Amino acid sequence: MADKIDVLIPDEKIDARIRELAKQIDRDYAGKSVVFLCTLKGACFFACELAKRVTIPVFMEFIRASSYSGKSSTGNVEMLVDVPVDAVEGKDVLIIEDVIDTGITLSNVKELISGRNPASLKVCSLLDKHECRRVEFEGDYIGFTIGNDFVVGYGLDWDQKYRNLPYVGIVR
């Protein structure tokens, strides 16, 4: 039986918000370049769309950390793909994430990257599930704040399914 997915955020709304975030990033990093540190796999769709709309120079790097199994966070963060120190040291780094929920993974990733002496370090996330926090964590650029529903699409998955949906939807 196929899963039922209700559209939560349509693609047109996502596109408009990404354009707004790009303008804000352009203003905040005017005259500089920025390293987009994309968290794999979920944030790749968002990172690419955002990078296309930012007008300052963008350098892409990738990191992969995981704390999920199926629909649940395990609470343990595992680094699967790391970034070389020289890719972030002395540079303005913007971690690009698909969703901030418990805050555990991102706080660990941010701490790891901070130890590599970037010039600045901020977080940009398409989605924020603020009510799910288990640790204190705030993103610097947030696309949408949503509730605690399990969402898929626009890079977000459920056991690797539904990443390619052009919208964010709730699995019912």
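For the reader, a short list of remarks on this structure follows.
- Heavy atoms of the protein chains alone define the surface here; on that basis the chain has 49 Å² accessible area per residue at 1.4 Å probe size.
- Protection proxy ranking of 36-46, 10-20, by the mean of other Cβ atoms within 10 Å over each peptide's residues and highest first, is 36-46, 10-20.
- Distance violations [Cα-Cα > 19 Å] among Lys13/Lys52; Lys52/Lys129; Lys110/Lys161: Lys52/Lys129; Lys110/Lys161
- Label assignment, percent of Cα pairs over 29 Å apart derived from the structure, set (1) 19; (2) 15; (3) 7: (2)
- Dipole moment magnitude, nearest 20 debye, the chain about Cα centre, only Lys, Arg, Asp, Glu C-beta charged: 200
- Helical mean residue ellipticity (222 nm; -39500 (n - 2.57) per DSSP H run of 4+; nearest 500) of the chain: -7000 deg cm²/dmol
- Contour minus Cα-Cα distance for Arg17 and Ala30 (0.36 nm per residue): 2.7 nm
- Local net charge near Pro84, Cβ-Cβ under 11 Å (Lys/Arg +1, Asp/Glu -1): -3
- Surface share of carbon and sulfur [accessible, 1.4 angstrom probe, percent] for the chain: 48
- Label point distance in nm, Thr145-Asp159, each placed 7 Å from Cα along Cα→Cβ: 3.4
The values are calculated or read from the model by the stated rules, or taken from the named source; none is laboratory data. Note that this is a predicted model, so its numbers are computed, not measured. Note that each Cβ is placed from the backbone with ideal geometry, even for glycine, and that neighbours are counted across all protein chains shown. The accessibility values were calculated without ligands, DNA or RNA, using every heavy atom of the protein model including side chains. Shrake-Rupley method; radii C 1.70, N 1.55, O 1.52, S 1.80 Å.
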